[in-house]
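K.L.:
Below: one structure in structure tokens.
The values are calculated or read from the model by the stated rules, or taken from the named source; none is laboratory data. None of the values given here were measured: they were computed from a predicted structure. Positions of Cβ are backbone-derived with ideal geometry, glycine not excepted, and every protein chain shown enters the neighbour counts. Side chains are part of the model used for accessible areas, which takes the heavy atoms of the whole protein and leaves out ligands, DNA and RNA. Shrake-Rupley method; radii C 1.70, N 1.55, O 1.52, S 1.80 Å.
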Amino acid sequence: MAIRSALIGLGGIAWKYDAAKDLPYPLTQAGALLAQEGVDLLAGCSPEAADRDGFQRWCGLSVFDSHAKLLRACSPQLVGICSPTEFHYEHFRACIEAGVAMFWLEKPPAASIADTMEMAELARHHGVTVCVNYFRRFLPVYRRLKETIAGGLGKCHTISVMYSPGLLRNGCHLVDLLFYLTDAPDYELLWVDGADPKSPSFGIRLAGGPTAHVCGASLPYHSNTISAVCDEGIISVLYGGRATRFEKRIPNPDFPGFFTLEDHGGNPLGKAGIDDYMSHSLADLLFAHQQGRQPLSNLETALVSQRLMDQVLQAVTPCA
Ligand SMILES: NC(=O)c1ccc[n+]([C@@H]2O[C@H](COP(=O)([O-])OP(=O)(O)OC[C@H]3O[C@@H](n4cnc5c(N)ncnc54)[C@H](O)[C@@H]3O)[C@@H](O)[C@H]2O)c1
């Protein structure tokens, strides 16, 4: 019997990116669910008529104007929560009460650490499987970066991040990666600069690991760069996973006895790319559920990054 699935929220990540482009792999939850063997996508809901009509024209499935009606009519086993972040908690809770067992929860999991902690508690209590869609955890290029940070280029002294736009909107992917790449269970917040309060910059010391410098800016493009500064050079994953760069330590040709860096043609991280990023994430949700474990990206792993983002945003928000 196929798994019954449905979507809450019918915007960009739910289906629209796939309607706007024709790629060999899905860019959205609907695209991935429709392509996934053993899963039936039954319906979606949104309070916006234009989104419902567009979704129905695109894939012909049923639509509802509220999550309550969708849950009642379809009794889904798997729900993709693609609503705006501030509604994730309410929708997650309603799905738990309706008996949903599997969640593909868009990132960030919630708008605050308090909501995320309650969701993690609900997930534990009800034994449900939750994949938070920090999909970069599933991409080979970041897995290889993790191995490199663990010792492939000598000691990793610091990690540098450049993100835009918005800490909760896009920066959250990179903040999550800091904890994935280093396995740090915790952090110490060293400094915060809130000149750009939606995209603040900050520094942390990762528990048992290197420092990390996170630079945010409200740029008119997405910036997703992460670099590990190691003894043997600097290794970077650029453009959200689409490219890599290795600057290798070499003897300085002008100053004998000193070393400098040089762009190295070879690439220790291998082929970059974000192909099939949604399918990787969905496959782990399904496989984890079958195996009775949590996916690689789940509510427990998301707690630490959510706590850090809360702390940073509170530090830059003027008191009322
Ligand atoms: N994993 C990723 O890389 C990625 C990419 C984009 C967005 N996201 C996340 O996905 C979520 C949605 O983002 P988006 O860009 O698709 O937004 P969007 O604005 O394009 O779509 C949001 C949808 O939710 C619907 N909605 C609003 N209120 C609702 C409610 N109360 N109940 C049900 N539906 C409601 C809207 O009508 C719309 O259809 C956000 O949490 C965002 O951070 C994740």
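K.L.:
Considering only region 132-150, I want to know if a residue exists there that is touching a residue at least 60 places away in the same chain (Cβ under 8 Å), within 26 Å of C95 (Cβ to Cβ), open to solvent by less than 10 Å² (accessible area, probe 1.4 Å) and part of a strand (DSSP E or B). Write out each step before concluding.
P.N.:
Taking region 132-150 as the starting set, the residues that turn out to be touching a residue at least 60 places away in the same chain (Cβ under 8 Å) are 132-142, 144-145, 148-149.
Those still in the list that are within 26 Å of C95 (Cβ to Cβ) too: 132-138.
Next cut, open to solvent by less than 10 Å² (accessible area, probe 1.4 Å) only: 132-134.
Going one step further and asking which of them are part of a strand (DSSP E or B), we end up with 132.
Yes, because at least one residue in region 132-150 is touching a residue at least 60 places away in the same chain (Cβ under 8 Å), within 26 Å of C95 (Cβ to Cβ), open to solvent by less than 10 Å² (accessible area, probe 1.4 Å) and part of a strand (DSSP E or B).
K.L.:
Also, I was wondering about something else. How do the pairs read when you match residues in region 287-304 that are open to solvent by less than 70 Å² (accessible area, probe 1.4 Å) with residues anywhere that are among the acidic types (D, E), using Cβ under 6 Å and keeping only pairs 6 or more apart or on different chains?
P.N.:
What qualifies is P295/D284.
K.L.:
Right, next: Look at region 151-187 and say how many of its residues are open to solvent by 50 Å² or more (accessible area, probe 1.4 Å) and either among the charged types (D, E, K, R) or more than 17 Å from P200 (Cβ to Cβ) (or both).
P.N.:
7
K.L.:
Inside region 80-106, can you point out the residues that are hydrophobic (A, V, I, L, M, F, W, C), within 11 Å of the ligand (Cβ to nearest atom) and within 17 Å of C131 (Cβ to Cβ)? Steps first, answer last, please.
P.N.:
From region 80-106, those hydrophobic (A, V, I, L, M, F, W, C) are 81-82, 87, 92, 94-96, 98, 100-105; that's our starting set.
Narrowing further to those that are within 11 Å of the ligand (Cβ to nearest atom): 81-82, 87, 94, 104-105.
Hits for region 80-106 are I81, C82, W104, L105.
K.L.:
Give, as residue ranges, the strands (runs of 3 or more DSSP E) completely inside region 34-107 that count at least 3 residues that are crowded, with 23+ Cβ neighbours inside 10 Å. I'd like the intermediate steps shown before the answer.
P.N.:
Numbers: elements: 39-45, 62-64, 78-81, 102-105.
Fully inside region 34-107 and qualifying: 39-45, 78-81, 102-105.
K.L.:
Could you list, in sequence order, the residues of region 14-33 that are buried (at least 20 other Cβ atoms within 10 Å of the Cβ) and closer than 19 Å to D284 by Cβ?
P.N.:
Taking region 14-33 first, the residues buried (at least 20 other Cβ atoms within 10 Å of the Cβ) are 14-15, 18, 26-33.
Selection gives P26, L27, T28, Q29, A30, G31, A32, L33.
K.L.:
In the list R136, R143, which residue meets the criterion of being within 16 Å of the ligand (Cβ to nearest atom) and among the basic types (K, R)? It would help to see each step written out before you state the result.
P.N.:
On the way: R143 fails: within 16 Å of the ligand (Cβ to nearest atom).
Being within 16 Å of the ligand (Cβ to nearest atom) and among the basic types (K, R) holds for just one of R136, R143, which is R136.
K.L.:
Residues V214, V237: which one is closer than 23 Å to K146 by Cα, at pLDDT 95 or above and touching a Pro at 6+ places or on another chain (Cβ under 9 Å)?
P.N.:
Values: V237 fails: touching a Pro at 6+ places or on another chain (Cβ under 9 Å).
Unique residue meeting the criteria: V214.
K.L.:
Given region 189-305, what strands (runs of 3 or more DSSP E) lie entirely inside it while holding 3 or more residues that are hydroxyl-bearing (S, T, Y)?
P.N.:
Values: elements: 201-206, 211-216, 223-230, 233-238, 243-251, 259-263.
Here the list reads 223-230.
K.L.:
Against the definition (within 14 Å of the ligand (Cβ to nearest atom) and more than 27 Å from L167 (Cβ to Cβ)), how does F55 come out, yes or no?
P.N.:
On the way: within 14 Å of the ligand (Cβ to nearest atom): yes; more than 27 Å from L167 (Cβ to Cβ): yes.
It is true that F55 is within 14 Å of the ligand (Cβ to nearest atom) and more than 27 Å from L167 (Cβ to Cβ).
K.L.:
Any chance region 212-221 includes a residue that's open to solvent by 70 Å² or more (accessible area, probe 1.4 Å) and over 21 Å from the mean Cα position of the chain (by Cα)?
P.N.:
no
K.L.:
Residue check, R242 against (1) assigned by TED's automatic domain parsing to the domain that holds T148; (2) under 16 Å from the mean Cα position of the chain (by Cα); (3) open to solvent by less than 30 Å² (accessible area, probe 1.4 Å), all met but one. Which one?
P.N.:
That leaves (3) as the condition not met.
K.L.:
From (1) within 13 Å of the ligand (Cβ to nearest atom); (2) within 14 Å of the chain's Cα centre (by Cα); (3) crowded, with 19+ Cβ neighbours inside 10 Å, pick out the condition that doesn't hold for T116.
P.N.:
Here T116 meets the rest and fails (2).
K.L.:
Taking G152 as meeting all but one of (1) near the ligand (Cβ under 9 Å from one of its atoms); (2) at pLDDT below 95, write down the number of the exception.
P.N.:
G152 satisfies every listed condition except (1).
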